[in-house]
Each structure stands twice: as C-alpha cells, then as structure tokens.
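Just so it is clear, none of the values below were taken in a lab; they were calculated from the coordinates. Since the model is a prediction, treat every value here as computed from it, not as a measurement. Cβ atoms come from the backbone with ideal geometry, glycine included; neighbour counts cover every protein chain shown.
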Amino acid sequence: MYEGVVQDLIDELGRLPGIGPKSAQRIAFHLLQADPVDVQRLTEVLTVVREKVRFCDTCFNVAESEQCKICLDPRRDLSQICVVEDPKDVIALERTREFRGRYHVLGGAISPIDGVGPDDLRITELMRRLADGEVTEIILATNPNLTGEATASYLARLLKTLGLRVTRLASGLPVGGDLEYADEVTLGRAFEGRRLLDA
C-alpha cells in the first residue's frame with residue numbers, strides 16, 4: 001500500500017476493465033515518471049472524450065454527433081442490421097470489410113446471474129427501427145459465449161414473428177471468446193458462413 005494520491009491513482013486505474021492490481025501499479029508509476037507534457041495530453045484527451053463522445057441516436061454506437069459515421073453513410077445497405085453487444089464489436093466487424101449494412105448495439109447481453117434481462121438492453125429501440133419494413137435481414141453477432149448465445153436465441157424467437165430473415169455468424173469464432181479478440185480473417189469467414197436461425 002502506498003500513501004495518499006499515489007494509492008488513489010492505483011485504485012482508480014485498477015477499476016478499469018482488464019487492469020489488475022499489478023498492472024494498475026505499473027501504469028501509475030509509468031505516469032509518475034512520464035514527461036509532464038505526455039501526462040497533460042492524456043488528461044486533456046480524457047476530458048475531451050467525456051465531453052464530446054456520446055452514443056448514436058440510431059444504432060447506439062459511439063459518435064461525436066447525434067448519429068455515428070456508419071448511420072450517416074448513404075452507401076450502407078439499409079436492408080441489413082447487424083446486432084452486436086458493444087461498440088467495440090462494431091469496430092471488430094468493420095475491420096473485416098465484409099459487412100456493408102448498419103448496426104444496432106444492444107449495450108450488453110442477457111445475463112440473469114448479473115441481473116441483466118431483455119428490458120435492460122436496447123431491444124425496444126431495435127424493434128422500433130424495424131417498424132418501417134425496410135430491413136429484411138437481421139444478423140445476430142453477439143459474442144459466442146453463454147450470455148451471447150442466450151441473447152441471440154431470445155432475439156431470434158422475437159424477430160421470427162416479424163417475418164425477417166434472422167441469421168447468426170457462422171463457425172470460425174471460438175465458443176467462449178469475444179469478437180474484439182478475433183482476427184479479421186476469422187471474422188470475415190464467420191460473416192461469409194452465417195446461418196439461418198430456427199427459433
């Protein structure tokens with residue numbers, strides 16, 4: 001244990017996802033030894049991000065205005081929506097350059113153990129987007145783990161009643177993994193081989 005603000009810094013860094021106590025300590029001491037200009041730049045970027053970045057009003061991806069760049073792009077295919085859990089999944093899928101439709105970010109996955117049910121996700125907003133009949137295919141790209149599969153199954157049952165083509169990303173993604181860690185080739189093959197879901 002360190003004293004005062006040094007321990008406060010370590011504690012705050014340790015609250016970040018994927019940062020354990022040892023990593024938090026290493027980062028804290030790196031910042032203490034870094035050039036003050038670098039630390040100031042990091043501080044300014046963090047402040048600007050909190051002030052400017054928001055979620056897209058349409059798909060809930062990260063954006064700096066009311067809509068993200070993908071929703072504003074007139075070249076995107078309006079007949080397809082790819083449903084993902086988090087904004088970082090949009091970035092992972094965009095790197096493949098396989099999908100030219102639009103996205104919908106749920107904001108998580110159904111997880112009864114964590115107290116997350118369907119009402120805690122942006123499912124109502126997804127259903128609103130489908131009301132105009134322009135969308136013909138929904139691609140479920142939730143993570144291939146227990147909560148992602150539960151979310152995909154729930155959505156498949158819900159969406160089948162609308163007469164939409166509902167597909168799921170195909171093999172190539174490891175079960176228990178997260179989209180953000182998959183490479184472009186694996187994700188690209190998963191998109192090419194997506195399959196129709198039977199509810």
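Here are a few things to note about the model shown:
- Karplus (6.51, -1.76, 1.60) ³J(HN,Hα), θ = phi - 60°, over the range 54-68, in Hz, Gly and Pro reported as x: 9, 9, 4, 5, 8, 10, 6, 6, 5, 8, 10, 9, 4, 10, 7
- Kirkwood hydrodynamic radius (C-alpha pairs) into Stokes-Einstein, the chain, 25 °C and 0.890 mPa s, D in µm²/s: 130
- Protection proxy ranking, highest mean first, for peptides 1-11, 173-183, 140-150: 140-150, 173-183, 1-11, where packing is the per-residue count of other beta-carbon atoms within 10 Å, averaged.
- Estimated [θ] at 222 nm from DSSP helical runs (n ≥ 4, -39500 (n - 2.57)) normalised by residues in the chain, nearest 500: -12500 deg cm²/dmol
- Whole-Hz ³J(HN,Hα) from phi, Karplus 6.51 cos²θ - 1.76 cosθ + 1.60, for the range 84-99, glycine and proline x: 10, 7, 9, x, 5, 6, 4, 4, 4, 6, 5, 4, 6, 6, 9, 10
- Between helix 36-52 and the chain: long-axis angle, C-alpha atoms, 0 to 90°, nearest 10: 30
- Amide H partners (placed H, <5 Å) of residue 116, local residues excluded: 111
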